[in-house]
Amino acid sequence: MQIEDLVTIKGIETQAWEALEKTIIYYKGRPVGTVAAYDVSVEALNYDQCFVRDFVSSALIFLIKGRTDIVRNFLEVTLKLQPKERQLDAYKPGIGLMPASFKVISSQGEEYLEADFGEHAIARVTPVDSCLWWLILLRAYTVSSKDFCLAYRPEFQQGIRLIMELCLATRFDMYPTLLVPDGACMIDRRMGIAGHPLEIQVLFYAALRAARELLICQENEDIIAAIDNRLPLLCAHIRQHYWIDINRLNAIYRFKSEEYGKKAVNLFNIYADSLPYYELDKWLPKKGGYLVGNVGPSQLDSRFFSLGNMMAIISDLATEEQSQAIMNLIEERWDDLVGDMPMKICFPAVENEEYRIITGCDPKNIPWSYHNGGNWPVLMWMLAAAAVKTHRTNIARKALEIAQVRLCEDEWPEYYDGKKGRLIGRQARKYQTWTITGFLLAKELMENPHHLPLVCFDELPPELISRACEFELNSVDSLFFG
């Protein structure tokens, strides 16, 4: 690399940090988060709030740079916003839920925090992923700062416990995955991901791992027992039923349908004609594979969702073999999944009549835009972390080289449109905070891989996974909390 190029890159990083500093929110004199976007050219709407999901990449880069105070403050103020008592009003947030976002309100010389649990969101979507990201971030703070006292404080132990009780509660569902509505995660608009979307299952797994590390054993024996029961079952379920490669595609292609009883092979009654075999047969590399977007009754959503697949690698939910196959797929199908701006949130986009039915003719989610096949630069940090984890750093390096100059020139937009991500999103905000921090975090993880333990976990013992696989083949009982 030429000296001139290094100077340019350093200048871009400096501009990114300067832009990030402007996004910091203060509450009673303390930094407590970052706004979603600092774009003064348009009306703020809810982009002047701090979203739990969006703040994760900001928090991780702050932890890496030793600015633990802002992350600690964020964890404390969001914990206070968590409902601790049961509500009789069905329109109120449930006990244990974390807000999607919050903002600082000033009135008569006083400051207070106003939380949004989805009541003000477009379509009033429920932020299922907020409490999962919160737990993952609490664990990252603890790993970085070695401040175990924060997580061990009674109010934090209660907060973790309430989240776990919410996630592990007795339910109608008969599988170890979490059943959620459409719009419950990063894809927060109608996109046909209701049920058991991959993103939520992977975050659920990481949150269970985080809670298991942070809960004090003597006071939470029942919760810990429930986590120990669920973790291997969830892991085995995802690895077995969500995985697709050319061998698995061949097996599904020959599935019999309408099977009944314990000897059924086609457990979810997937109909062969419901999958785009011809396209998948052409698209899947011989040594590539990925975790599909959703599995449920007569449903196997074969779309590739980047966040779920990247986080599955990072959190050790995917096996080593599966992780390498996912990275092989990204490398082989670079134009489809990365293109001219890393990286596409899902592939392929739903089009034509399918688009109209699935999205409800959502004008923001037109084909190859926004959540429907758009490119989101924030995903760069997950791609970089997955690349470091699998020792495939050439993939992340190539992605960063594509993004770094253009992002700065384009003023850090929220997302890009088009099949290859060449168009700045039609409604994209400029100076989107997680675009800035996604870039900075990706660079940092590439240059300093020793920061990877902030978001990584050790492999679950193989014997637990093996027993869980055997259990699932014979029964779906005893999956409930307690």
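Only the coordinates and a few stated rules stand behind these numbers; no lab work does. From a predicted model like this one, the values you see are computed outputs, not experimental measurements. Neighbour counts run over all protein chains shown; Cβ positions are idealised from the backbone, glycine included.
How far apart, in nanometres, would the label points at K398 and K282 be if each is projected 7 angstrom from Cα along the Cα-to-Cβ direction?
Each label point is offset 7 Å from its Cα along the Cβ direction, giving 2.1 nm.
Can you give the local net charge around F156? Use residues other than it whose beta-carbon is closer than 14 angstrom to its beta-carbon, Lys and Arg +1, Asp and Glu -1.
Spelling it out: positives minus negatives among the neighbours equals +1.
Please identify the helices of the chain, taking whole runs of DSSP H, that span at least 15 Å along their own axis as judged from the Cα atoms and have a mean Kyte-Doolittle score of 1.6 or higher.
Helices meeting the criterion: 52-64.
Please work out the Cα center distance from region 429-452 to region 276-339, rounded to the nearest Å.
For region 429-452 versus region 276-339, the Cα centre distance is 23 Å.
Give me the distance between the Cα centres of region 97-130 and region 138-198, rounded to whole Å.
That distance is 18 Å.
For the chain, calculate the relative contact order in percent as a whole number, restricting contacts to Cα pairs under 8 Å that are 6 or more residues apart.
16 percent
Could you tell me the relative contact order of region 192-335? Use alpha-carbon pairs under 8 Å, at least six residues apart, and round to a whole percent.
Across region 192-335, relative contact order equals 31 percent.
What is the packing order of peptides 82-89, 38-45, taking the mean over residues of other C-beta atoms within 10 Å and listing the highest first?
The densest-packed peptide leads the list: 38-45, 82-89.
How much length is gained on full extension from T14 to R171, taking 0.36 nm per residue of separation minus their Cα-Cα distance?
51.6 nm
Cα gyration tensor of region 159-298, axes a ≥ b ≥ c as square roots of the eigenvalues: rounded (a/c below 1.5), prolate (a/b > b/c) or oblate?
prolate
How much length, in nm to one decimal, is gained on full extension between K420 and D335, taken as 0.36 nm per residue of separation minus their Cα-Cα distance?
29.9 nm
What FRET efficiency, computed as 1/(1 + (r/R0)^6) with R0 = 56 Å and r the Cβ-Cβ distance, is obtained for H391 and Q158, rounded to the nearest 0.05?
0.90
Which value at 222 nm does the chain reach when only helices count, each DSSP H run of 4 or more adding -39,500 (n - 2.57), with the total divided by all residues and rounded to the nearest 500 deg cm²/dmol?
-14500 deg cm²/dmol
Which lysines have a Cα lying under 20 Å from the Cα of K364, excluding residues fewer than 8 positions away in the same chain?
Within the straight-line cut-off, K364 pairs with K344, K419, K420, K430.
If I model a spin label at E459 and L45 as a point 7 Å from the Cα along the Cα→Cβ vector, what separation in nanometres do I get?
4.5 nm
For A44, what charge total do you get from the other residues with a beta carbon under 11 Å from its beta carbon, if Lys and Arg give +1 and Asp and Glu give -1?
-1
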